[in-house]
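Beneath this line is the structure, given in structure tokens, with notes to follow.
The values are calculated or read from the model by the stated rules, or taken from the named source; none is laboratory data. All values derive from a computational prediction rather than experimental measurement. Positions of Cβ are backbone-derived with ideal geometry, glycine not excepted, and every protein chain shown enters the neighbour counts.
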Amino acid sequence: DGGITQSPKYLFRKEGQNVTLSCEQNLNHDAMYWYRQDPGQGLRLIYYSQIVNDFQKGDIAEGYSVSREKKESFPLTVTSAQKNPTAFYLCASRDGDLNTEAFFGQGTRLTVV
Amino acid sequence: GNSVTQMEGPVTLSEEAFLTINCTYTATGYPSLFWYVQYPGEGLQLLLKATKADDKGSNKGFEATYRKETTSFHLEKGSVQVSDSAVYFCALSDRASGSARQLTFGSGTQLTVLP
């Protein structure tokens, strides 16, 4: 089945540590996105990528980094510079037709302990 | 720039009640419009979409009509069920904006349906 997979579902991190969230898609989509969602809030765009080896900052990129070495993969690293990293992180992908919807992963809940 | 404004929640209804969640938008071009649903602890799923003016999207008893004259895409369902309890997001995709950031989301509306 085609889809988008995020792992792990739950992640705990100690303060001062970097952590990487995985996002893989087998939909052959060009564009991929990372969003952050805080309790009771909407989605905020962290980074997005339109093609391999290219990515752009979103609205809240500070303290985060990404890579896009393969079309299928778009990992997000939450660095120690991110002051308040505890949140629900969502990855999405989309093809080039702008009438089509984005497909979302199941999300990763990151908790800093 | 583009924006989506949703009816503030939370919304609480009894089972079999009529549901309306308002959504209005601002866009520079001719957007496609979407409703997504998010169940607790999960990602977003597409509920329905409309890609041009006067189109009606529908799925699982939910409907929304793309109204260009009022820049609206209100979500409706005639008889809600407990299983419809979730957060609903309105979103738009604007082909005129020229980048992969075309997806713009509203802030979400929490719906709770009581038995």
>> Tell me whether segment A:41-48 contains one or more residues that are touching a Gly at 6+ places or on another chain (Cβ under 6 Å), at the interface with chain B (Cβ under 9 Å from one of its Cβ atoms), free of Cβ contacts under 8 Å to residues at least 12 places away in the same chain and not in a strand (DSSP E or B).
In response: yes
> Taking the condition modelled with pLDDT of 95 or more, over 29 Å from A:I51 (Cβ atoms) and not in a loop (DSSP other than H, G, I, E, B), does B:E63 pass?
Replying inline: yes
> Is it true that some residue in segment A:87-98 is more than 9 Å from chain B (Cβ to nearest Cβ) and free of Cβ contacts under 8 Å to residues at least 40 places away in the same chain?
Replying inline: yes
>> From the list B:Q45, B:Q6, exactly one residue is within 21 Å of A:R36 (Cβ to Cβ), in contact with a strand residue (DSSP E or B) (Cβ under 7 Å, 6 or more places away or on another chain) and surrounded by fewer than 16 Cβ atoms within 10 Å (Cβ to Cβ). Which is it?
In response: B:Q45
> Pick from segment A:86-104 the residues that are surrounded by 21 or more Cβ atoms within 10 Å (Cβ to Cβ) and part of a loop (DSSP other than H, G, I, E, B): which of them is modelled with the lowest pLDDT?
Replying inline: A:E101
> Going through segment B:41-94 one residue at a time, which ones are away from every other protein chain (no Cβ under 14 Å), within 30 Å of A:L11 (Cα to Cα) and under 15 Å from the mean Cα position of the chain (by Cα)?
Replying inline: B:D84, B:S85
